[in-house]
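Chemist: Before we start, here is the structure in question, set down as structure tokens.
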Amino acid sequence: MKKIAKKSAGQVRVRFAPSPTGPLHVGGSRTALFNYLFAQKNGGRFVLRIEDTDKERSLQKWTEEIIEQLKWLGIEWNEGPDIGGKFGPYKQTQRTDIYKKYLEKLLGENKAYYCFCTEEDLEAKRQDQMSRGVAPKYDGKCARLSKETVEKNLAEKKSSVIRFRIENKKIKFNDLIRGDVEFDARLLGDVVIAKDLDSPLYHFAVVVDDFEMEISHVIRGEEHLPNTPRQILIQKALGFYQPIYAHLPLMLNTDRSKLSKRQGDVALADYHNSGYLPEALVNFMVLLGWNPGTEKEIFSLSELVKEFSIEKVQKAGAVFNIDRLDFLNGFYIREKNIEKLTELCKPYLREAGLLVAGQVTENQLEKIVEVSKTRMKKLSDIVELSDFFFADKLSLDKDLLKWSTMQDTEIKEALLLCDKILSEIKIWDIKNIEAGLTAGAGEFNKQKGYPEKNKGYLLWPLRVALSGKKFSPSPFEIADILGKEKTIKRIEQAIKLL
RNA sequence: GCUCCCAUCGUAUAGCCUGGUCUAGUACGCAGGAUUUUCAUUCCUGUAACGCCGGUUCAAAUCCGGCUGGGAGCACCA
């Protein structure tokens, strides 16, 4: 049997290979992003491959979710389960025949063997080894079973798995990010590469697929670093070329452990749903473990494609710092044009029951978003920030109306004055509102003997009367959006409290 | 426990390869200030780091060694 290894095609081909056992993780998203950028930068191809060999945990809906979220981020692949490609299929469960062929080859060459040890047995040995302080590894019990015994066991349908014989030698490889890395394969123990001929396991399937799909660079998370020597050994046994490896630093919790559910969300969809923008997430994730070496920190995906270089990827893990994500997201929110931002906010308003048909016009809605956007960190913030615009009647806290040392009667006078000024406005626009009120504030302060420059005596009670909130946009903006009738009504409702 | 990886302000990082220009830069955060009726935005100022010990050298954040600390992996998961 003479199967000569295909040479790596020369062209850059990378892959992102998630297993569909749950929603797309932010760590996975970043891995996908780096692969995508690397491919784009080098004129290569980016492959999406679904590693669903774990039949118990893999679900079609997660494959769909992964695809949906990656697309939302703006990451595109050249080959994948949804679009096909020259090296398909791109789901491992559809590639059983390919794996089988190689599995038989390994078995035939005695580079792999059937193992009949039970799981309980194995677990007990593992415990024993751990307690003795040695590295747990398979003891090779079934490695030298006679051909007859194996055939007899197989004929009796004894449960079995297929193990790969690990060669006892040192494995050295060069990692694009970490440099030379060396492992001693003697510590490894023979790995299980398949449950049976039709059920390959991770280590085996990746190696075969990376070869069959002519992957040139394997860019993945650092958690895979210890897996690499095993995979290299399998490649060698099969006569495959060795791809170039690059192990990305991990994303960390605040306590510096591997990012996990606990300190916050880990599913990309969670960030998506709570109103983070894809451009913010991309910008944020890429800067976790990479930087351009310049002081530029704001990057669009297309700028990233130009400036990305894998050599500048960091070795140490990076803490996922939500403050920075919030800053970036706020920045991108402020950058968005108002039509688009309004569209993006609508689902949140609708979900909160605020967007009832006919209640506000499109124009009003855009104004609401416009005056709220400097306060938004996430799209979902729009609800809390703007709910009072939609309310029919405000539930006012009387104490909030008070500014400085003002007494109830003075607040009442202030609101009465506002009522008067606003009632007299003919053309209801923000300019007239502001001009009228500003003049009124000066007048009011002089009359009452308040510090002349402090417009709060008039404006604070007004703003609270209109918004019901401690913090809000200016009363001018609110009044403009509310319209004359509603504005006056709210002022009068507030006066009744005093 | 074993193997491997890693180590600059609270966080992300620049600088390290090619020692001097580093009294260590930037951003977020935080503190203070300006603008402002409030909050936010914007602008200004400030805050704070080369883990430790030894070696090489005229000179070390930068090179070498050790230590310490942190992380990941050790499945019939991926």
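The values are calculated or read from the model by the stated rules, or taken from the named source; none is laboratory data. Just so we're clear, the structure is a prediction, and the values are computed from it rather than from any experiment. Using ideal geometry, Cβ is built from the backbone for each residue, glycine included, and neighbour counts are taken over all protein chains shown.
Chemist: List the strands (runs of 3 or more DSSP E) that sit entirely inside the stretch A:187-303 and contain at least 1 residues that are farther than 30 Å from A:ARG144 by Cα and modelled with pLDDT of 95 or more.
Modeler: Because the criterion is at least 1 residues that are farther than 30 Å from A:ARG144 by Cα and modelled with pLDDT of 95 or more, the strands (runs of 3 or more DSSP E) in the stretch A:187-303 that meet it are A:217-221, A:244-248.
Chemist: Restricting attention to the stretch A:192-210, report how many residues are in contact (Cβ under 8 Å) with a residue 40 or more places away in the chain and crowded, with 22+ Cβ neighbours inside 10 Å.
Modeler: So the count comes out to 9.
Chemist: Restricting attention to the stretch A:348-366, which residues are at positive phi and touching a residue at least 60 places away in the same chain (Cβ under 8 Å)?
Modeler: Within the stretch A:348-366, none qualify.
Chemist: Can you pull out every residue in the stretch A:42-94 that is charged (D, E, K, R) and more than 20 Å from the chain's Cα centre (by Cα)?
Modeler: A:ARG45, A:ASP52, A:ASP54, A:LYS55, A:GLU56, A:ARG57, A:GLU79, A:ASP82, A:LYS86, A:LYS91 - these are the residues of the stretch A:42-94 that are charged (D, E, K, R) and more than 20 Å from the chain's Cα centre (by Cα).
Chemist: Residues that are more than 12 Å from RNA strand B (Cβ to nearest atom): find the strands (runs of 3 or more DSSP E) completely inside the stretch A:70-175 holding 2 or more of those.
Modeler: Strands (runs of 3 or more DSSP E) meeting the threshold: A:112-115.
Chemist: Would you be able to say whether some residue in the stretch A:284-306 is surrounded by fewer than 21 Cβ atoms within 10 Å (Cβ to Cβ), among the polar types (S, T, N, Q) and more than 25 Å from A:LYS340 (Cβ to Cβ)?
Modeler: Yes, some residue in the stretch A:284-306 is surrounded by fewer than 21 Cβ atoms within 10 Å (Cβ to Cβ), among the polar types (S, T, N, Q) and more than 25 Å from A:LYS340 (Cβ to Cβ).
Chemist: Picking from A:GLN242, A:GLN231, which residue would you name as being closer than 30 Å to A:LYS169 by Cα and either within 11 Å of RNA strand B (Cβ to nearest atom) or in contact with a strand residue (DSSP E or B) (Cβ under 6 Å, 6 or more places away or on another chain) (or both)?
Modeler: Step by step, each of A:GLN242, A:GLN231 is checked, and only A:GLN231 is closer than 30 Å to A:LYS169 by Cα and either within 11 Å of RNA strand B (Cβ to nearest atom) or in contact with a strand residue (DSSP E or B) (Cβ under 6 Å, 6 or more places away or on another chain) (or both).
Chemist: Go through the stretch A:439-455 and report how many residues are outside any helix (DSSP H, G or I) and in contact with a Lys or Arg (Cβ under 7 Å, 6 or more places away or on another chain).
Modeler: 1
Chemist: Still on this structure: Limited to the stretch A:304-325, what total is found for residues that are in contact (Cβ under 8 Å) with a residue 40 or more places away in the chain, touching a helix residue (DSSP H, G or I) at 6+ places or on another chain (Cβ under 9 Å) and in a helix (DSSP H, G or I)?
Modeler: The number of residues fulfilling the criteria is 6.
Chemist: Report yes if some residue within the stretch A:477-486 is assigned to a helix (DSSP H, G or I) and within 23 Å of A:THR409 (Cβ to Cβ); otherwise report no.
Modeler: no
Chemist: Something else about it: Which count do you get for residues in the stretch A:252-283 that are at negative phi, of a type outside the set (Ser, Thr, Tyr) and within 9 Å of RNA strand B (Cβ to nearest atom)?
Modeler: 5
Chemist: Of (1) without any contact (Cβ under 8 Å) to a residue 60 or more places away in the chain; (2) of a type outside the set (Asp, Glu); (3) more than 30 Å from A:LEU176 (Cα to Cα), A:PHE299 satisfies all except one. Which?
Modeler: Of (1) without any contact (Cβ under 8 Å) to a residue 60 or more places away in the chain; (2) of a type outside the set (Asp, Glu); (3) more than 30 Å from A:LEU176 (Cα to Cα), only one is false for A:PHE299: (3).
Condition check ((1) surrounded by 15 or more Cβ atoms within 10 Å (Cβ to Cβ); (2) not small (Gly, Ala, Ser)) across all residues:
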{"position": "A:ILE83", "(1), (2)": "no, yes"}
{"position": "A:TYR90", "(1), (2)": "yes, yes"}
{"position": "A:GLN94", "(1), (2)": "no, yes"}
{"position": "A:TYR99", "(1), (2)": "yes, yes"}
{"position": "A:ASN110", "(1), (2)": "no, yes"}
{"position": "A:TYR113", "(1), (2)": "yes, yes"}
{"position": "A:ALA124", "(1), (2)": "no, no"}
{"position": "A:ASP128", "(1), (2)": "no, yes"}
{"position": "A:CYS142", "(1), (2)": "yes, yes"}
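Chemist: Moving on. Which of the residues that make up the stretch A:311-325 are surrounded by fewer than 18 Cβ atoms within 10 Å (Cβ to Cβ) and more than 7 Å from RNA strand B (Cβ to nearest atom)?
Modeler: A:GLU311, A:ILE322
Chemist: Specify the residue that is farthest from RNA strand B (Cβ to nearest atom); the eligible residues are those in the stretch A:176-191 that are touching a residue at least 40 places away in the same chain (Cβ under 8 Å) and small (Gly, Ala, Ser).
Modeler: Here the residue is A:ALA185.
Chemist: Right, another one. If the requirement is being within 13 Å of RNA strand B (Cβ to nearest atom) and in a helix (DSSP H, G or I), which of these qualifies: A:LEU422, A:LEU458?
Modeler: Just one listed residue meets the conditions, A:LEU458.
Chemist: Then there is this: If A:GLN11 passes every condition in (1) assigned to a loop (DSSP other than H, G, I, E, B); (2) polar (S, T, N, Q); (3) surrounded by 20 or more Cβ atoms within 10 Å (Cβ to Cβ) but one, which one does it miss?
Modeler: All conditions are met except number (3).
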